[in-house]
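Just below is one structure, and these are the notes that go with it.
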Amino acid sequence: MIDSRLNQVMSQLREGIRIPVIVELGTAPTPAALQELRGAGLSVTTTSQISPLVYGTATSNIIGTIAANPIVVKVFYDEPLYPALALPFGLEVERQEVVPLGESVAATGAPALWEQGITGKGVKIGVVDTGVSQSHEMIRPGLKGTFSAVPGESVEDENHHGSWCCSAAAGRPVATEQGELVGAAPEADLYALKALSDKGTGQMSWVMQCIEKAAVDFKCDVISMSLGSLFDNGGLDPVSKLVNDVVQKYNVLCAVAAGNSFIPLSIGSPGGAISAVTVGSYALRLPLAGTPSSFESKGPTTSLVIKPDTSAPGGNIMAPGIAEMILAAGAHGSYQSMAGTSMATPQAAGALALLRQAKPDLSRIEVEQLLAVSSFPAPKDTLRGYGPIRADTMYGNMGRALPPITQFQAPLNALQSMFYAPLTLIPRPENERLRVVRLPAIMGG
């Protein structure tokens, strides 16, 4: 009844320290159930509107008591999530190959739809990230709503990452010395939801609160999440399950970054969610144009689901000290160049918003079908998914006969399974005893 990662955390902390947890119940959290959990020692923060989940904190000595309650299905560690940036470890970049956002967005095929009047108008995009620079010239005209789940912090972005992603999804066009900057869906309604702090750290429950706010209250058509965990949870963690619920119950298309861990079996959560449109990254400029970015996390998931699903331009680390980076909005009216699957994800989300405008009831399974028929003539694989997203080609295939797909991602076929067999023998990270467990900022250290 206690998730293995939570057991790891409990074993490494002294008694008395409150640990952030997510409690999964067998039924909806009624007032009586919440009172019972509080009586057992759970300090309840909030509850889910969509799934039978309760967020809160508890000390290690009472987590077992909570887990033993008949109404409890499982207790999870409310683990930290981070932005999906390609340079998270202080790598110095001596020379940048800067790509203006307009050039990057053009590679998704979005401009061809703009010419037909499909610009995202009337479509709602929620960006779950570090907040937003509300007065930025690229963002202010389309910003319709904000929300912060980070305790003690407003939605204003002091980190730059969230503003970048907002502009890439639905930024209005501006001219700069480097070239035009414009989002993939430049007339979509934008909703900024802050799930990561100004320091760039967050908790799974903060992300989940933002997902719910976007789906239930803002009624977003598309949600973009350029964030993830450090571990592949196989799509079995609470935030991945919530993504699946949101897609099924509200028909929201969720674009999620694959992550930047370089290696196979490293898709972070919630990118491992079977219903997520998991986005990898590819290089845009020569000499590596069109190839998957060196930093991109690769599939399959540890549940042997093929990920990523597609990819978009996200830059590349071309050599030590040399990086291809994409220029878009930053905080406080600035502009900033970044690289990562973080950069690819909001562009893919904007492309999905264009398709949702063209077909308002477009479902997740139809997205899978359109990706399948619009990609290069190759099967979906664990490095590139169906390949680069092309909104123009996908739009052109609407209304045509689409291949029967019974689930969002088929399991690995026999040949791929044989190829990855040695990898699947590696223990899942959650089953290993970690030397260091990074704790959420809410715990103060």
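Observations on the model:
- Residue within region 66-88 that is open to solvent by less than 70 Å² (accessible area, probe 1.4 Å), aromatic (Phe, Trp, Tyr) and in contact with a helix residue (DSSP H, G or I) (Cβ under 6 Å, 6 or more places away or on another chain) present: yes
- Subset of region 306-332 [in contact with a Gly (Cβ under 9 Å, 6 or more places away or on another chain) and in a strand (DSSP E or B)]: THR310, SER311, ALA312, ALA323, GLU324, MET325, ILE326, LEU327, ALA328, ALA329
- SER374 being open to solvent by less than 40 Å² (accessible area, probe 1.4 Å) and small (Gly, Ala, Ser): yes
- Yes/no for ILE50 being open to solvent by 40 Å² or more (accessible area, probe 1.4 Å), in contact with a helix residue (DSSP H, G or I) (Cβ under 6 Å, 6 or more places away or on another chain) and of a type outside the set (D, E, K, R): no
This table checks each residue for (1) out of contact with any Gly (no Cβ under 6 Å at 6 or more places or on another chain); (2) modelled with pLDDT of 95 or more; (3) over 20 Å from SER342 (Cβ atoms).
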position: LYS144; (1), (2), (3): yes, yes, yes
position: SER154; (1), (2), (3): yes, yes, yes
position: CYS166; (1), (2), (3): yes, yes, no
position: VAL182; (1), (2), (3): no, yes, no
position: ALA185; (1), (2), (3): no, yes, no
position: ALA195; (1), (2), (3): no, yes, no
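- Residue ranges of strands (runs of 3 or more DSSP E) in region 1-109 with at least 3 members aliphatic (A, V, I, L, M): 18-25, 53-59, 72-77
- For region 278-290, the tally of residues that are assigned to a loop (DSSP other than H, G, I, E, B) and crowded, with 20+ Cβ neighbours inside 10 Å stands at 2.
- Residue in region 25-38 that is at pLDDT 95 or above, under 25 Å from GLY340 (Cα atoms) and open to solvent by 50 Å² or more (accessible area, probe 1.4 Å) present: no
- Leading residue by the ranking (surrounded by the fewest Cβ atoms within 10 Å (Cβ to Cβ)) among those in region 214-236 that are within 21 Å of LEU25 (Cβ to Cβ) and either of a type in the set (A, V, I, L, M, F, W, C) or at pLDDT 95 or above (or both): VAL216
- Count - residues of region 161-185 that are out of contact with any Asp or Glu (no Cβ under 7 Å at 6 or more places or on another chain) and surrounded by 24 or more Cβ atoms within 10 Å (Cβ to Cβ): 12
- Where helices (runs of 4 or more DSSP H) fall wholly inside region 160-250, the ranges with 1 or more residues that are out of contact with any strand residue (DSSP E or B) (no Cβ under 8 Å at 6 or more places or on another chain) are 204-212, 238-250.
One line per residue, one yes/no per condition, for (1) open to solvent by 10 Å² or more (accessible area, probe 1.4 Å); (2) modelled with pLDDT of 95 or more; (3) within 17 Å of GLY234 (Cα to Cα):
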residue: GLY271; (1), (2), (3): no, yes, yes
residue: ALA276; (1), (2), (3): no, yes, yes
residue: LEU304; (1), (2), (3): yes, no, yes
residue: ILE317; (1), (2), (3): yes, no, no
residue: ILE322; (1), (2), (3): yes, no, no
residue: THR341; (1), (2), (3): no, yes, no
residue: ARG364; (1), (2), (3): no, yes, no
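- A count restricted to region 120-147 and to residues that are surrounded by 22 or more Cβ atoms within 10 Å (Cβ to Cβ) and either β-branched (Val, Ile, Thr) or assigned to a strand (DSSP E or B) (or both) stands at 10.
The values are calculated or read from the model by the stated rules, or taken from the named source; none is laboratory data. Keep in mind the model is a prediction, meaning the values are calculated, not measured. Here the Cβ is made from the backbone with ideal geometry for all residues, glycine too, and neighbour counts use every protein chain on show. In case anyone asks, the SASA skips ligands and DNA or RNA and just uses the protein heavy atoms, side chains included. Shrake-Rupley method; radii C 1.70, N 1.55, O 1.52, S 1.80 Å.
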